[in-house]
Amino acid sequence: MFGFVGKARYLVMKNIRKEIRISRRDHKRIIKSRRMRRMGARFITVFSLFLLFITITGAINSFAGSTLPSSDTSDTEYKKCYTSIMIYPGDSIDSITDKYYTSQFKDKDSLAFEILSINHLSPEKTLEPGNHIIVPVYNLMAK
């Protein structure tokens, strides 16, 4: 009828009820109240974690929203920065110029000349794959 563990537990519970002299109904009520307390503690833990998650998410969203530049172009300006890029087979000054050209440069020739002068290259020299060069770029900055 009982396994070894089940039999031992039954006898322990039977002895506890005898020593305290509580009825089976009272014992079940006590067990039920303990279960309810555990369930309440679990609910509070889960609810607290949920609130913490919502708070952190809101903080991240408000922080990210405050650092994004506004869509109004009158409040923005472009800042000239430099980035390092890797040369791949088939790359040339013209292909790099086409990729990184924006309206902030005068024209593509001025960008190509700037890339050549920054990297101490001559127009005749071919770019070797695997090398890195510096390219000017304009980043949008909020005022």
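The values are calculated or read from the model by the stated rules, or taken from the named source; none is laboratory data. None of the values given here were measured: they were computed from a predicted structure. Please note: Cβ atoms are built from the backbone with ideal geometry, for glycine as well, and neighbour counts cover all protein chains shown.
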Taking only region 115-143 into account, find how many residues are over 23 Å from Glu77 (Cα atoms) and touching a residue at least 40 places away in the same chain (Cβ under 8 Å).
7
Answer from Leu116, Leu121, Leu127 - the residue that is assigned to a helix (DSSP H, G or I) and aliphatic (A, V, I, L, M)
Leu116
Matching residues, region 90-143, being more than 19 Å from Lys80 (Cα to Cα) and surrounded by 15 or more Cβ atoms within 10 Å (Cβ to Cβ)
Asp91, Ile93, Leu127
Test set (1) surrounded by 10 or more Cβ atoms within 10 Å (Cβ to Cβ); (2) in a helix (DSSP H, G or I); (3) modelled with pLDDT under 90; (4) among the hydroxyl-bearing types (Ser, Thr, Tyr) - Ser74 fails condition number:
(1)
Going through region 84-94 in order, the residues found to be under 34 Å from the mean Cα position of the chain (by Cα) and outside any loop (DSSP other than H, G, I, E, B) are Ser84, Ile85, Met86
